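S.K.: Please see the structure below; I have some questions.
The values are calculated or read from the model by the stated rules, or taken from the named source; none is laboratory data. Model, not experiment: these values are computed from the prediction. In this analysis, Cβ positions are derived from the backbone assuming ideal geometry, glycine residues included, and neighbour counts consider all displayed protein chains. The area values use the complete protein model at the heavy-atom level, side chains included, leaving out ligands, DNA and RNA. Shrake-Rupley method; radii C 1.70, N 1.55, O 1.52, S 1.80 Å.
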Amino acid sequence: EKPLMVIKRDGRREPFSMDKIEQGIQRSMQKRPVSQKDIEEMLHAIEDEAALISKNSREIHAEEIGEMVLKKLYELDGVAYVRFASVYRMFDNVDEFINEIEKLTR
């Protein structure tokens, strides 16, 4: 069975890495009141969902993974969500932070 590949924004392909996803999530969760168990459950859910999406092609777009992570973080911890979104969506200014926070509070 061939490995799951991630299609990056620039079209490159690289092997799917749960370690990379975990690092990004851990950074966003730093000093947040979220248990390691909750993080591990989230990681397993993301891995399972990625496998389902890529079942036939064995490829998944990086954007799909990013959106999965954002959805899970949104459900788990708002601050971690905004932290991850700021890097993932490449916020350029404070207004983008404010807009994202306003979306969260609605």
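S.K.: Can you tell me which of GLU96, GLU47, GLU100, GLU75 is in a helix (DSSP H, G or I), within 22 Å of GLN30 (Cα to Cα), open to solvent by less than 40 Å² (accessible area, probe 1.4 Å) and charged (D, E, K, R)?
M.R.: GLU100
S.K.: Do you know which residues across the stretch 54-72 are farther than 17 Å from LYS20 by Cβ, open to solvent by 80 Å² or more (accessible area, probe 1.4 Å) and modelled with pLDDT of 90 or more?
M.R.: The answer is LYS71, and nothing else.
S.K.: With touching a helix residue (DSSP H, G or I) at 6+ places or on another chain (Cβ under 8 Å), within 25 Å of ARG12 (Cβ to Cβ) and touching a residue at least 12 places away in the same chain (Cβ under 8 Å) as the only criterion, which of GLU47, GLU63 stands out?
M.R.: Testing whether each residue is touching a helix residue (DSSP H, G or I) at 6+ places or on another chain (Cβ under 8 Å), within 25 Å of ARG12 (Cβ to Cβ) and touching a residue at least 12 places away in the same chain (Cβ under 8 Å) leaves just GLU47.
S.K.: Please determine, by comparing only the residues of the stretch 1-43 that are more than 18 Å from TYR81 (Cβ to Cβ) and touching a helix residue (DSSP H, G or I) at 6+ places or on another chain (Cβ under 8 Å), which one is most open to solvent (accessible area, probe 1.4 Å).
M.R.: Once the filter is applied, the top-ranked residue is ARG9.
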